[in-house]
Amino acid sequence: MNATIVIIIVTFFGFIFQQLTKYDTVFFGLNRFFFEEGFWWQPLTSMFMHASLVHLGMNMAVLYQFGSLIENALGAKKFLAIYLIGGVLTSLLSIFFLYFLGLNHVLVGASGAISVLIGFIARRDRFNRKGLIVAILVISFAPLLMGLNIAWYAHLFGFGVGWFWKVTH
């Protein structure tokens, strides 16, 4: 079983766990005030929480597509490093952004980490670069135009983290 599938399974079970507990996103989603109080696991665990089954399904479909590409090209260890470390960096940038704005939202979802993968591929694939840049802008801002509350900034931070990710062979 490849690492992309393992991440998808773990994320699915994270969503099930979230649905079965009364604390769900309070303790495991990324929340500025709880993070400041020492809930240091949140930048990692928030990637495995999702707002709904539709949110989970959409993210996992995109993760499968881009995760498989990177894992096939670089191997499981490098894929996992990009996804997990990049996702945590994206969470930290997002929480600092919210802090700077004086806001406190609970952030959940894998889209920041997935955006790292998209940025990583966009930097290295000149042929598909423009399409991937358009895609990240669409998935960041189209939901806002439809009135959906999403962490658009996490998508942009993730894309930037992926764009600047250095891989050694």
Practice task
Would you point out the residue of segment 117-169, among those that are outside any helix (DSSP H, G or I) and of a type in the set (A, V, I, L, M), that is farthest from Phe100 (Cα to Cα)?
Solution key: Val167
Exercise for the section: State all residues of segment 1-29 that are surrounded by fewer than 21 Cβ atoms within 10 Å (Cβ to Cβ), touching a helix residue (DSSP H, G or I) at 6+ places or on another chain (Cβ under 6 Å) and modelled with pLDDT under 90; if no residue qualifies, say none. Expected result: Asp24
Problem - Which listed residue, of Val138, Val106, Val54, is of a type in the set (Val, Ile, Thr) and either surrounded by 18 or more Cβ atoms within 10 Å (Cβ to Cβ) or under 14 Å from Gly162 (Cβ atoms) (or both) - result: Val106
Practice task
Can you confirm whether segment 115-127 contains a residue that is on the phi > 0 side of the Ramachandran plot and surrounded by 21 or more Cβ atoms within 10 Å (Cβ to Cβ)?
Solution key: no
Fill in the blank from the handout: Of the residues in segment 54-101, those that are assigned to a helix (DSSP H, G or I), more than 15 Å from Ile9 (Cβ to Cβ), out of contact with any strand residue (DSSP E or B) (no Cβ under 9 Å at 6 or more places or on another chain) and among the small types (Gly, Ala, Ser) come to Ala73, Ala81, Gly86, Gly87
Exercise for the section: Looking only at segment 30-50, count how many residues are surrounded by 18 or more Cβ atoms within 10 Å (Cβ to Cβ) and modelled with pLDDT of 90 or more. Expected result: 9
Problem - Breaking point among (1) surrounded by 17 or more Cβ atoms within 10 Å (Cβ to Cβ); (2) modelled with pLDDT of 95 or more; (3) not small (Gly, Ala, Ser), for Ile95 - result: (2)
Exercise for the section: State all residues of segment 152-169 that are aliphatic (A, V, I, L, M) and at pLDDT below 95; if no residue qualifies, say none. Expected result: Val167
Exercise for the section: Enumerate the pairs (first residue in segment 15-38 and part of a strand (DSSP E or B); second residue anywhere and among the hydroxyl-bearing types (Ser, Thr, Tyr)) with beta-carbon separation below 6 Å, excluding pairs fewer than 6 apart on the same chain, so at least 6 apart or on different chains. Expected result: Leu30/Ser46; Leu30/Ser91
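The values are calculated or read from the model by the stated rules, or taken from the named source; none is laboratory data. On a predicted model such as this, the values are computed, not experimentally measured, just so you know. Cβ sites come from the backbone with ideal geometry, for glycine too, and all protein chains shown count toward neighbours.
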